Amino acid sequence: MWDELTAAYAEALTARHLAQNTVRNYDRSLADFAAFLRADDPREATIRDILNWHARLTKQNLAISTRNTKVRHIKSFYQWLHDHGRALTNPGKNLPVLRTPRTLPKGVLSSSQVNKLLRQPNTLRPLGVRDRAMLELLYSSGLRAGELCKLTVYDLDFESHVVRILQGKGRKDRLVPVGRTALDWSRRYLKDVRPILQPRNQSNAAKLFLTLFGGAMQTAYLYRIVKKATKTAQLPESTTTHSLRHACATEMLKGGASVRHVQEMLGHADITTTQIYTHLAKADLQKIHAKTAPSERRQQKEAPNFEFTNWRVKKRKKPRKRRKKS
């Protein structure tokens, strides 16, 4: 019964145009809950079972966001069963609200650290030129690693200075500006390096970035390239491909870009996700505040001097004499 219902649910998620990785995450959460429940029919679960499972996830030292996401997967599954008449009750209906605390992104690099990272590939070698072009694109346009790996040779528009992202996160398309430096390295890669990297098969013929043996660039391979450059540059171990995306957003906000523009560029569905980066520009905000805040701009005048001699000094009252009792 589990396999039948979860397979039907996976088809429903796919029909909603969710990414394959998202559907796989739902499958993993359902498989974990099925192993915990030890019941042949998922409809035997109660709200107590879901809460006990959440408590077990807590003991596994998983991140709060991971635990809450898994529970939301189960809650969504039972909501779907109930809405489509496959279950009479919905055990997840009255689950407590799961709140994930907002935290600052990890591995955010300063501009000097980013420049140090970008200089690590050996551009005297063909693969070094390729790696430099990929890093420059990640930093210039704030692309996700998966979006970079999906790019084709037709997605870069050198005349308009934009890159076309097709079927990004949430199956959304968008046009993203590209800086001149990133375009120069990409042009050099396309002219001098990519002809050397022969595509392995027809499906990779149009891919922009290829491996040494002609395969399509994968996120895991790109991750290793960044990690190698990170170690050579002696940067924090938390640096990943996503760190360049964080750095791009932070620097744009520091430069005066609006949160809405950065949201559109990064492809965030919710603006609150983009607003996290405003906290990273705190130092620059303090500088701007010192120059522009009305309390800082107003003319400061010296306060007049006062003499505080005998200021509100009360005279001590003489104690009253008590009358003698007769």
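The values are calculated or read from the model by the stated rules, or taken from the named source; none is laboratory data. The shown structure was predicted, so the numbers you read here are calculated from the model rather than taken from an experiment. Cβ placement follows ideal geometry from the backbone for every residue including glycine, while neighbour counts extend to all protein chains displayed.
Taken as a whole, segment 183-200 holds at least one residue that is small (Gly, Ala, Ser), surrounded by 15 or more Cβ atoms within 10 Å (Cβ to Cβ) and assigned by TED's automatic domain parsing to the domain that holds ARG164.
The set of residues in segment 234-257 that are under 22 Å from TYR221 (Cα atoms) and not hydroxyl-bearing (Ser, Thr, Tyr) comprises GLN234, LEU235, PRO236, GLU237, HIS242, LEU244, ARG245, HIS246, ALA247, CYS248.
Of all the residues in segment 121-152, those that are closer than 21 Å to LEU109 by Cβ, at pLDDT 90 or above and part of a loop (DSSP other than H, G, I, E, B) number 3.
Whether any residue in segment 81-90 is in contact with a helix residue (DSSP H, G or I) (Cβ under 8 Å, 6 or more places away or on another chain) and assigned to a helix (DSSP H, G or I) is what I want to check. Yes, segment 81-90 contains at least one residue that is in contact with a helix residue (DSSP H, G or I) (Cβ under 8 Å, 6 or more places away or on another chain) and assigned to a helix (DSSP H, G or I).
For segment 4-27, the criterion of being of a type in the set (Lys, Arg), out of contact with any Gly (no Cβ under 8 Å at 6 or more places or on another chain) and over 30 Å from ASP173 (Cβ atoms) is satisfied by no residue at all. Can you find even one residue in segment 203-214 that is part of a helix (DSSP H, G or I) and hydrophobic (A, V, I, L, M, F, W, C)? Scanning segment 203-214 turns up no residue that is part of a helix (DSSP H, G or I) and hydrophobic (A, V, I, L, M, F, W, C). When segment 153-175 is limited to residues that are surrounded by 15 or more Cβ atoms within 10 Å (Cβ to Cβ), more than 17 Å from the chain's Cα centre (by Cα) and within 24 Å of TYR221 (Cα to Cα), the one that is modelled with the lowest pLDDT turns out to be ILE165. Note on segment 1-37: residues that are among the basic types (Lys, Arg) and either part of a helix (DSSP H, G or I) or under 23 Å from ASN94 (Cβ atoms) (or both) total 2. Taking segment 50-69 as the range and being assigned to a helix (DSSP H, G or I) and surrounded by fewer than 16 Cβ atoms within 10 Å (Cβ to Cβ) as the test, the residues that pass are LEU51, ASN52, ALA55, ARG56, THR58, LYS59, ILE64, SER65, THR66.
Beta carbons closer than 7 Å, at least 6 apart along the sequence or on distinct chains, pair a first residue in segment 55-72 that is of a type in the set (A, V, I, L, M) with a second that is outside any helix (DSSP H, G or I) and modelled with pLDDT under 85 for ILE64/THR100; ILE64/PRO101; VAL71/LEU98.
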